Amino acid sequence: MRTPTTQPTKRFYFIWGGLSVVAIVIGFVFIFMGANQKATQTQQQDHLQQQQTQQKLSKFERERPLYSQTEKRLNTFMSAYFNYDDQKGYNHRRKAAKKVVSQAVYDNRKLFKEDKYSKTRQLGLQSTFVKNQIISTKITDQQLEATVYTTQRLNFEDEDGKDTVKVFQVTYDGETDKLVKIEQQGIYNIAVDSTETVD
């Protein structure tokens with residue numbers, strides 16, 4: 001026999017059903033909020049790790065772009081300065097280097113010596129830029145100062161050449177993207193007893 005459902009029992013089921021729905025909705029809200037909080041926390045941790053990694057970058061890694069640009073400008077300059085096959089090429093060195101040097105370097109007559117007696121032509125002197133070895137001595141945010149050992153191959157009228165290493169003091173300015181100082185210090189020599197000198 002079936003028991004009749006009374007009003008209080010119906011109300012109990014109705015309240016219980018309503019509370020269950022509310023509990024389920026609240027549970028979903030908590031799950032959603034927890035997921036959002038976890039995502040935010042993960043983002044904050046990632047950001048913190050990124051900042052810590054940037055702070056841990058070595059001095060070299062922070063300075064590498066400036067060093068690379070200095071290297072490019074020096075290679076361009078030394079190619080213009082040391083690559084010539086005849087008197088015309090020798091006389092053209094200054095103009096060939098103009099794009100990578102400051103006005104002060106461009107006007108430096110000690111660096112760009114004039115060949116008054118055309119010795120280059122008379123001797124059949126030819127020159128080839130081989131390589132640079134750059135040793136930075138001071139680096140700031142936008143400037144790099146370096147001692148540069150440049151290898152140049154000199155020969156007379158297509159004969160086998162001899163390598164010579166010339167020493168320069170150089171300053172590169174990152175703001176202007178130019179070499180603002182180039183001073184030749186001399187020729188680098190290594191004696192038989194391994195002593196090093198700059199003549």
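Here are the numbers:
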{"item": "Over 21 Å (Cα to Cα) - which of Lys113/Lys138; Lys88/Lys110; Lys95/Lys116; Lys95/Lys138; Lys98/Lys162; Lys99/Lys181 fall in this group", "result": "Lys113/Lys138; Lys95/Lys138; Lys98/Lys162"}
{"item": "Normalised contact order of the range 62-198, rounded percent, pairs of Cα under 8 Å and 6 or more residues apart", "result": "22"}
{"item": "Long-range tail of P(r) for the range 62-198 (Cα pairs > 20 Å, %)", "result": "48"}
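Where a number appears in this text, it was derived from the coordinates with a stated rule and is not lab data. These figures come from a predicted structure and were not determined experimentally.
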